[in-house]
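Chemist: Here it is, the structure in full.
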Amino acid sequence: MQRKKLVVIGNGMVGHHFIEQLVQTEAAKQFEIITFSEEPRLAYDRVHLTSYFETRDPAKLALTTEDFYREHGVTVHLGDKAVAIDRAHKIVRSEKGTEVPYDVLVLATGSYPFVPPIPGHDREGCFVYRTIEDLEAITRTAAESRIGAVVGGGLLGLEAAKALQDLGLETHVVEFAPRLMAVQLDEEGGAMLRRKIEALGVAVHTGKNTQNIVTGKFQRLKMEFADGDELETDMIVFSAGIRPRDELARQAGLEVGPRGGIVVDDHCRTSDPDIFAIGECALWNGQIFGLVAPGYQMARVVVDLLNGKEAAFTGADLSTKLKLMGVDVGTIGDSHGRTPGAHSYVYKNEHDEVYKRLIVSADNRKLLGAVLVGDAAAYDTLLQYYQNGIDLPQPPDALILPSNEGAPAGLGPDALPESATICSCHNVTKGQIVACIDRGVVALADIKSETKASTGCGGCAALLKSIVDAELEKRGLEVKKDICEHFPYSRQELYHIIRVEQIRTFDELLENHGRGLGCDICKPAVASILASYWNDYVLSDKYFKLQDTNDFRLANLQKDGTYSVVPRVPGGEITPEKLIALGEVARKYNLYTKITGGQRIDLFGARLEQLPHIWKDLIDAGFESGHAYAKAVRTVKSCVGSTWCRYGVQDSVGMAIFLEHRYKGIRAPHKIKMAVSGCTRECAEAQCKDIGVIATEKGWNLYVCGNGGMKPRHADLFATDLDDETLVKYIDRFMAFYIRTADRLQRTSTWLENLEGGLDYLKEVIIDDKLGICAELERQIQHLVETYECEWKKTLENEAILKKRFRFFVNAEGGDDNVVFVEERGQIRPATPEEKHRLKGIPVELEEAS
Amino acid sequence: MFLCVLRVPAVKKTNQRTDMTETTASRTETWIDVCDVSDLEPDAGVCALVAGRQIAIFHLPKLGKVFAIGNYDPFSHANVLSRGLTGDIGGEPVVASPVYKQHFSLETGRCLEDETVSVPVYRVRIEGGRVQIQLPAGEKRP
C-alpha cells in the first residue's frame with residue numbers, strides 16, 4: 001500500500017509534540033512523515049529558554065534527537081524554511097528548493113515576537129527573545145554593554161529582564177500599559193509585583209510609549225518616550241507579545257483573522273480540509289493561544305482525528321503559575337473579575353509583599369478566578385476548585401488567609417475527583433496517576449515517565465508529588481526510610497547519631513540503637529559512615545567484619561570467586577616505567593588485563609592467596625590502592641588538556657591529579673566518579689560524572705550529580721568560572737554534604753533528584769552557606785585528606801591480618817580447585833562449567849555430586 | 001564448649017532433612033579436627049578443607065555458637081560463602097552470598113529467597129579449644 005504523505009511545517013514545541021504523539025499511534029503506519037524547520041536544530045524547550053543562559057548548552061533544552069526521528073522514519077529538513085504551499089498541486093516548496101507533495105498538511109509555524117514599529121527598532125543593539133540564536137546574540141552584545149532595557153512587562157518581558165540582569169546589566173523594563181503583566185494581573189497585583197521586582201534592582205517604567213530609538217549620548221542607544229522622558233541604554237530586547245506566523249497560509253489563500261492567525265475550527269482544520277493548523281499560529285474562536293499547553297491539546301486533537309477518533313479542541317485554560325525573577329505569581333481564570341455578579345476576596349500584606357485575590361461567583365459557591373503575587377502556594381488547590389467546579393468552603397477567604405496553627409487551608413489530594421486534570425501540558429488526570437500506581441509503579445520518577453505528568457512546564461510537580469504520597473500512604477506503601485530491620489533509622493539519621501554520640505564501633509551502635517545481629521545491609525552502611533567520619537583502617541579488628549567482600553579483601557570479587565586488582569593511576573597519567581611494571585606483574589601472576597573506563601588498568605583472575613604478593617610487587621613499583629573495591633572516590637578521569645592539546649584552555653591533567661590525590665579513598669554512600677576536561681569540547685566526559693570539572697578561559701565550571709550507567713543523567717551546572725581554590729572548596733562541601741545526607745547506595749544523581757529544593761537548595765547550602773555548616777563540611781574533608789593512608793601498604797605491614805585473611809583455607813595451604821582458567825585471545829578467562837568438567841573432571845553441579 | 005549444630009546436609013530438590021540428635025550415632029561418628037578456635041573470625045567466616053570438601057565455618061559470639069555449611073554457592077557456582085557477611089534475618093542467623101547476596105540460614109542451610117535451594121549443613125563442635133567437624137555418615141570422600 002502506498003503510504004500517504006503527511007507534511008508538518010514547523011518543528012517547534014507543538015510541531016514536535018504532534019509528531020511524537022502521532023508516531024505512537026496506529027495511524028503512523030499510514031503516513032510517511034516529513035517535517036520542515038527553519039531553525040538549525042530540532043525542537044527545543046522554548047518555555048525554559050532562559051535556562052540556556054545557565055548552561056549555554058542547546059542539548060539541555062532539546063526535546064528530541066535525530067535518532068528519535070530516524071527510528072520512526074520521519075524525514076526532517078533542518079534549516080530549510082517552507083516558503084510556499086501550492087494547494088492546487090498539493091506541494092510544499094522550501095527555501096532550498098525542496099518540493100514535497102502532501103496528502104495532509106499540518107501548519108505548526110508558531111509565532112514571531114512582536115516588535116512595535118518604532119523608528120530605530122532595527123538598530124544595532126536591538127533584539128528579540130525567541131530562539132537560541134537570539135539568546136546567543138544577546139549574550140555577545142551584553143558582554144560589551146552596561147545597561148539593558150526590555151520593551152514589554154508581560155511574562156516574557158520579565159523573563160528577558162531576568163536574563164539581562166543575570167548577564168550583569170543594569171536592567172530596565174519599559175511597559176506601555178499602566179502596570180506589569182496587564183493581561184493576567186489586576187491593578188493591585190501588578191503593583192505588588194512591581195514593588196517586588198524593583199526591590200530586586202530592576203527599574204520599572206510603566207505607561208511609557210516609546211516613540212523613537214536614536215543614538216545615545218552616553219550609551220549606545222537612547223529611547224525617547226511620548227511623555228518627553230528618555231532612557232539611555234546599550235541594548236534593547238523587544239518582548240511585547242507575539243504574532244502568529246501566518247504568512248504561508250496567507251500566501252496560500254487560507255482564511256486568516258483580521259488581526260492575523262490561521263482560522264481553524266474545533267478540529268483545528270483550516271479553510272482547506274486537508275490542512276490543519278496547531279499551536280500559536282492557529283486562530284480558534286477569535287483567540288490565539290500563546291501557551292504551550294493549548295498547543296499540545298490541538299496537536300492531540302489532530303492526532304486523534306487522523307486515527308479516526310472523534311476529538312475536538314474546545315478552548316483552553318490560560319491559568320498559569322510561574323516564578324518571575326524569583327517572585328511567585330499565579331493567575332487563574334477570570335483574574336480581572338469581569339464576570340457579571342462576581343465579587344472578590346482580597347488579602348494584602350505589604351510587609352511581606354504578598355497579594356492574593358479570589359474572584360467568586362455571585363452565589364459565593366464557585367471559584368471564577370484568582371490572582372496570587374508573592375505567595376502562590378495556594379495555586380494548585382485553587383486551580384482544582386476552578387477547573388473541577390468544586391464547591392468552595394465557606395467562607396471562601398479561608399483559602400487565601402494565612403493559616404494559623406498550621407490548619408490546612410488547602411484542598412488535600414484526596415478531595416480531588418478522579419477526573420481532575422493534574423498536568424494540563426500532557427492532559428493527565430488524577431485517575432491516570434492512580435491507575436499507574438495501581439499497576440505497581442510507585443517511584444515518582446517512574447510515574448512521571450509512564451504518565452508524562454509534570455514533564456511539560458513542570459508547574460504541577462508539587463501537586464503530583466502530594467497525590468503520589470497520599471496514594472502510597474493509603475496503600476500502606478509509605479516508603480519506610482529504615483535502613484533494615486536492625487535499625488529504625490535512615491542512613492542519614494544513623495550518620496547523625498554516630499556524629500553526635502561520637503560512636504566508633506558497630507557493636508556500640510547496635511547495642512544502643514538497634515537490635516539483633518545486624519546484616520549485610522546495615523553492616524557495610526555503618527562501616528562506610530564510620531570510615532567517612534573517623535577514617536580508621538577498614539581491616540582493623542573492630543571493622544573488618546562489617547566490610548562487604550570487596551572491602552574485606554581490598555579487591556573486587558568476580559563471578560568465579562577470584563578477584564581483580566586496580567592500582568591507582570591518578571588522572572590516567574602513567575609513566576612508561578610504571579606501565580611496564582604493571583605489565584610485568586600481570587605476566588608474573590598470569591592475570592587478564594583490561595583498560596577500564598576510568599583510565600586505569602584492571603588485572604583479573606587473582607586468587608585470594610595471591611593478593612598480598614601481587615600488591616607487594618605493585619607497591620614496590622610505586623603504585624598504591626585504587627579503591628576500586630570501595631564505595632569511595634574512584635578515579636578522576638581527564639583529557640590531555642592545555643599542555644598538549646591545541647584547544648585546551650587549562651591544565652586538566654594537573655587538576656585531575658590534584659583532585660584524585662585529594663579525595664582518593666574517601667568512603668561515601670556510593671562510589672564517586674570525577675572527571676576534568678580541559679576545554680568545552682569535554683573529551684573527559686565530565687558531564688556524566690558525580691563531579692565534573694570543565695575548563696573555561698577564566699577558570700573552571702563545576703558540574704554535579706551526573707551519572708552514566710543504567711540511568712544516565714547529565715550533570716547540572718553548579719557554578720561557573722571558579723578559581724582553583726573556590727573549586728576545591730565547593731567540591732569539599734559538596735562531598736561532605738552528600739556523605740552526610742544521602743541514603744545507602746544512593747548515587748549523587750538520585751540523591752539530588754530526591755533532595756527537597758533540588759539544585760537551588762544545594763547551591764544555597766554549598767555556595768551561600770544557608771545552613772551555616774560549610775566550615776564543618778570543609779573540616780571533615782580536610783580530616784579525611786590528612787588521615788589518608790594506602791590500605792594495601794598498611795595491610796602488607798600487618799603479618800597477622802595477611803596470615804589470617806588472605807589465605808584460602810584456615811587449615812590447609814593451597815587454593816580453590818574450582819577456579820579454572822582457559823585461554824582466549826591470548827589471555828586467561830574463567831572456564832565454563834562444561835570446560836571445567838572436561839578439563840578437570842569437576843562435576844557440573846557440585847552439590848549433587850557430594 | 002559452647003555449641004553444637006545438629007543437622008546433616010540438606011540436598012537441593014528433595015529438601016529432605018534428617019534431624020539428628022546427640023543420641024543417634026554421634027558417639028560412633030568421628031569428629032575431624034579442623035583448626036584452633038582462635039583461627040576463627042568473630043562474626044565472620046573462614047573456609048576449611050575437610051576430607052576434600054570446602055566447608056564454611058562461622059563464629060557468632062553474640063549467639064555463643066559456631067556454624068558450618070558448604071562453601072559452595074549454588075547461585076554463582078563459586079566457592080565463596082565463607083566470604084559472606086553474617087547477621088540475622090528475623091532472628092535467624094544467616095550468611096549473605098558475597099556474589100549475588102542471597103541469604104542462607106546458618107542453622108538449616110535453606111536459602112531465604114528461594115525455598116527450593118539449600119546448602120549442606122555440618123555438625124561442628126569445640127573440644128579443648130579445637131574446632132571439630134563431623135561429616136555425614138557414609139560420605140567420606142578421600
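The values are calculated or read from the model by the stated rules, or taken from the named source; none is laboratory data. What you see is a predicted model, and the numbers here were worked out from it, not measured in a lab. Methodologically, a virtual Cβ is constructed for each residue, glycine included, from the backbone with ideal geometry; neighbour enumeration extends over all protein chains shown. What goes into the accessible areas is simple: the full protein's heavy atoms, side chains included, and nothing from ligands, DNA or RNA. Shrake-Rupley method; radii C 1.70, N 1.55, O 1.52, S 1.80 Å.
Chemist: Pairs of Cα atoms under 8 Å, at least six residues apart: use those to get the relative contact order of the range A:631-774, whole percent. It would help to have the intermediate numbers written out before the result.
Modeler: On the way: 308 pairs, mean separation 26.3, N = 144.
Over the range A:631-774, the number comes to 18 percent.
Chemist: On the accessible surface of the range A:706-804, probed at 1.4 Å, how many percent belong to carbon and sulfur atoms?
Modeler: Heavy-atom surface of the range A:706-804 belonging to carbon and sulfur, 1.4 Å probe: 48 percent.
Chemist: Select from the range A:556-572 all residues whose loss of accessible area on going from the chain by itself to the full protein assembly reaches 40 Å² or more (probe 1.4 Å).
Modeler: Those residues are A:LEU557, A:LYS559.
Chemist: Excluding ligands, DNA and RNA, what is the solvent-accessible area per residue of the range A:491-553 at a probe of 1.4 Å, expressed in Å²? Intermediate values should be presented prior to the final figure.
Modeler: Values: 2210 Å² over 63 residues.
With the other protein chains kept in place, the range A:491-553 gives 35 Å² per residue.
Chemist: On to the next question. Carbon-plus-sulfur fraction of the accessible area of the range A:332-436, 1.4 Å probe, in percent?
Modeler: About 49 percent, which is the carbon plus sulfur part of the accessible surface.
Chemist: How would the range A:126-240 be classified by its alpha-carbon gyration tensor: rounded, prolate or oblate, with rounded meaning a/c under 1.5 and the a/b versus b/c comparison settling the rest? It would help to have the intermediate numbers written out before the result.
Modeler: Working: a/c = 1.72, a/b = 1.27, b/c = 1.36.
It is oblate, given that a/c is not under 1.5 and a/b is not larger than b/c.
Chemist: Each residue of the range A:56-71 in turn: what ³J(HN,Hα) in whole Hz from Karplus with 6.51, -1.76, 1.60 and θ = phi - 60°, glycine and Pro shown as x?
Modeler: 6, 10, x, 4, 5, 8, 4, 9, 7, 10, 4, 4, 4, 5, 5, 4
Chemist: When only the heavy atoms of the protein chains count and the probe is 1.4 Å, how do A:ASP246, A:ASP134, A:ASP166 rank by accessible area, highest first?
Modeler: A:ASP166, A:ASP134, A:ASP246
Chemist: Follow-up question, since we're still on this one. Enter the accessible area of A:GLU187 (Å², nearest 10), with the probe set to 1.4 Å and all protein chains included.
Modeler: Per-residue accessible area (A:GLU187): approximately 140 Å².
Chemist: Quick one: which residues, 5 or more positions from A:THR35 or on another chain, have an amide H under 5 Å from its amide H? H modelled 1.01 Å from N in the peptide plane, none for Pro or chain starts.
Modeler: A:VAL8, A:THR75, A:VAL76, A:HIS77
Chemist: Just the number, please: percent antiparallel of the DSSP beta bridges in the protein assembly as shown, rounded to the nearest 5.
Modeler: 70 percent
Chemist: Can you give the accessible area per residue of the range A:281-382, in Å², using a 1.4 Å probe?
Modeler: 40 Å²
Chemist: Hey, another quick one. Within 10 Å, count the other beta carbons around each residue, average over each peptide in B:45-55, A:628-638, and list them highest first.
Modeler: A:628-638, B:45-55
Chemist: Then there's this: Only loop residues by DSSP count here, and only those with at most 11 other Cβ atoms within 10 Å; note down the GluC sites (Glu not before Pro) in the range A:655-718 that meet that.
Modeler: Qualifying residues, ordered by number: A:GLU697.
Chemist: Quick one: compute the contact order of the range A:551-656, relative version, from alpha carbon pairs under 8 angstrom and 6+ residues apart, as a percent. Please list the in-between numbers first.
Modeler: Values: 153 pairs, mean separation 34.3, N = 106.
Relative contact order for the range A:551-656 comes out at 32 percent.
Chemist: Any idea which of A:SER335, A:GLY97, A:GLN827 is furthest toward the positive side of the dipole for the protein assembly as shown, if Lys and Arg beta-carbons carry +1 and Asp and Glu beta-carbons -1?
Modeler: So the residue we want is A:GLN827.
Chemist: Hey, another quick one. Within the accessible area of the range A:491-553, what % is carbon and sulfur when the probe is 1.4 Å and the other protein chains stay in place? Mind dumping the intermediate values first?
Modeler: Values: 950 of 2210 Å².
It is 43 percent, rounded to a whole number.
Chemist: For the range A:488-575, what is the Kirkwood estimate of the hydrodynamic radius, computed as the reciprocal of the mean inverse distance between distinct Cα atoms, to one decimal in Å?
Modeler: Computed over the range A:488-575, the radius equals 14.6 Å.
Chemist: Per-residue accessible area for A:LEU283 at 1.4 Å probe radius, Å² rounded to 10?
Modeler: Probe radius 1.4 Å; accessible area of A:LEU283 about 20 Å².
Chemist: Which of the residues in the range B:56-98 show a loss of at least 50 Å² in accessible area from their chain by itself to the complete set of protein chains, at a probe of 1.4 Å?
Modeler: For the range B:56-98, once contacts with the other chains are taken into account, B:LYS62, B:TYR72, B:HIS77, B:ASN79, B:ARG83, B:LEU85, B:ASP88 lose 50 Å² or more.
Chemist: If you take the square roots of the eigenvalues of the alpha-carbon gyration tensor of the range A:686-798 and sort them as a ≥ b ≥ c, do you get rounded (a/c under 1.5), prolate (a/b over b/c) or oblate? If you can, show how the numbers build up before the last one.
Modeler: On the way: a/c = 1.44, a/b = 1.33, b/c = 1.09.
Rounded.
Chemist: Here is the link list: A:LYS804/B:LYS62; A:LYS804/A:LYS840; A:LYS29/A:LYS60; A:LYS481/A:LYS770; A:LYS321/A:LYS729. Which ones come out longer than 27 Å on Cα distance?
Modeler: Numbers: A:LYS804/B:LYS62 21 Å; A:LYS804/A:LYS840 29 Å; A:LYS29/A:LYS60 31 Å; A:LYS481/A:LYS770 25 Å; A:LYS321/A:LYS729 36 Å.
Pairs exceeding 27 Å: A:LYS804/A:LYS840; A:LYS29/A:LYS60; A:LYS321/A:LYS729.
Chemist: Excluding residues fewer than 8 places away in the same chain, name every one of the aspartates and glutamates whose C-alpha is closer than 12 Å to that of A:LYS96.
Modeler: Candidates past the 8-residue exclusion: A:GLU38, A:ASP80.
Chemist: Now a separate question. Which of the residues in the range A:518-539 show a loss of at least 20 Å² in accessible area from their chain by itself to the complete set of protein chains, at a probe of 1.4 Å?
Modeler: Listed in order, they are A:CYS519, A:ASP520, A:LYS523.
Chemist: Explain nothing, just compute: Karplus ³J(HN,Hα) = 6.51 cos²θ - 1.76 cosθ + 1.60, θ = phi - 60°, for every residue of the range A:814-822 in order, whole Hz, x for Gly and Pro.
Modeler: Here the 3J(HN,Hα) series is x, x, 6, 7, 8, 8, 10, 10, 10 Hz.
Chemist: If you don't mind, another one. How big is the A/B interface in buried accessible area, both sides summed, 1.4 Å probe, to the nearest 100 Å²?
Modeler: Result for this pair: about 3400 Å² buried.
Chemist: If you take the charge dipole of the protein assembly as shown about its Cα centre, with +1 on Lys and Arg Cβ and -1 on Asp and Glu Cβ, which of A:ALA675, A:ILE767, A:LEU539 is farthest toward its positive end?
Modeler: Comparing the listed Cα positions along the dipole, A:LEU539 ranks first.
Chemist: Okay, next question. How many partner chain Cβ atoms sit within 10 Å of a residue's Cβ in peptide B:37-46, on average, as a whole number?
Modeler: Mean shielding by partner chains, rounded to a whole number: 4.
Chemist: While we're on this one: When only C-alpha pairs under 8 Å and at least 6 residues apart count, what is the relative contact order of chain A, in percent?
Modeler: 6 percent
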